[in-house]
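Each reported figure results from applying straightforward, stated rules to the coordinates on display, with no laboratory input. Quantities reported herein were computed from a predicted structural model and do not represent experimental measurements. Note: ideal-geometry Cβ built from the backbone for every residue, glycine included; neighbour counts use all protein chains shown.
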Amino acid sequence: MIQRLLPLATLATLFIALSLASPYFLTYTNLTSVVRQTAVINVMALGMTLIIIAGGIDLSVGAVMAFSGLLGTMALEAGWPIPAGVALALACGLGWGLANGLLITQLKINPFIVTLGTLGIARGVTLIISDGLPVHRIPKEFSFIGEGNLLGVPFVLWILVFCAVLTHVLLEHTRMGRYAFAIGSNPEAAWYTGIPVAFHTTAVYAYSGLLCGLAGMIEASRLMTGQPTAGQGYELQVIAAVVIGGGSLRGGEGSVAGTLVGAFIMGLLANGSDLLGISPYLQQAIIGGVIILAVAVDEVRKRRFT
């Protein structure tokens, strides 16, 4: 129970500290900026939550996001309607997720190696398709996804809430979620009890890829450009969000609420560092240190109860 409340207590403490440290932190403009900036990591981290719970890892999420966002914006540049462009990006992300899942389950290759390989493939293909150049000629209406408001609330927050509720339902009220916990806790025992491990592992990676496709279009909408180099280093932040939120890299543990808290902790760290004039290079070091601390706490807790 204490470990579950620790990320939330950390977020609250960080929020109060930044409120006292900077007069600009609690402004509407700044808080909505935090929501928009963290939306992409949040959406991707929801998919990563299922993967880590199932005992896997995915290093290709940033590259898949860039690939999906690029093809989606290229479709918009070619005159496709915005919903069709978004659908194409979702399909691209889903395809990469399926590829990861099938390579892991059918070829029995370690997820770290598979997704490290697909990271390089997706990056390379993205640069080849775009010739290394961003896509600029995008309809102005497309910016609403990343920068628009609905009922006074950033539209990306509505998207995030929908994705969070959907992921929570999948995790807590469907076979895929229950089996993900079982597979992550003990894959051999799960197989012996009749759980279709390969199918549900592939489904988890496919779902994560789908969310990466959506994140790619959110990022493109915020920047109003399809960047072939987008998402570099995002895999670190996405994994960190899950781990900081209580997910275990050993599998079998994690939650949607914890992941959201972890992502917002990193978002507040980045935003607070900017407001206080802290170097972005130091921000990366802080995130790395927080990851090590979160994993260390998890390891200590596990040893106490084993």
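Taken along its three principal axes, the alpha carbon spread of the stretch 195-254 comes to 43, 26, 15 Å, from the longest extent down to the shortest. Rounded to the nearest 20, the Cβ-based charge dipole of the stretch 2-304 about its Cα centre (Lys and Arg +1, Asp and Glu -1) stands at 500 debye. Given q = 0.08, 0.09 Å⁻¹, what are the Debye log10 I(q)/I(0) values for the stretch 2-304, with equal point scatterers placed on the Cα positions and solvent ignored? Listed by q, the Debye log ratios stand at -0.34, -0.43. Backbone phi angles across the stretch 93-106, fed through the Karplus curve with coefficients 6.51, -1.76 and 1.60 (θ = phi - 60°), yield HN-Hα couplings of x, 4, x, 5, x, 4, 4, 4, x, 5, 5, 5, 7, 8 Hz in residue order; Gly and Pro are listed as x. Within the stretch 161-304, the percentage of alpha carbon pairs spaced more than 20 angstrom apart rounds to 57%.
Backbone amide hydrogens, once placed in the peptide plane, bring N149 within less than 5 Å of F155, excluding anything fewer than 5 places away on its chain. The three principal axes of the Cα atoms in the stretch 1-74 give end-to-end lengths of 42, 38, 13 Å, sorted in falling order. Work out the charge dipole of the chain with +1 on the Cβ of Lys and Arg and -1 on the Cβ of Asp and Glu about the Cα centre, then indicate which of Y28, T225, F144 is farthest towards its positive end. Of Y28, T225, F144, it is Y28.
When the alpha-carbon atoms of the stretch 1-133 are used, the pair Rg, Dmax equals 18.9, 55 angstrom.
Around I41, what is the net charge, scoring Lys/Arg as +1 and Asp/Glu as -1 over all other residues with Cβ under 13 Å from its Cβ? Net charge around I41: 0. Residues whose amide H comes within less than 5 Å of that of L59, counting only those at least five positions distant or on another chain, are T115, L116 (H built at 1.01 Å from N in the peptide plane). With the gyration tensor restricted to C-alpha atoms of the stretch 131-224, the semi-axes of the equivalent ellipsoid amount to 36, 17, 7 Å, longest first.
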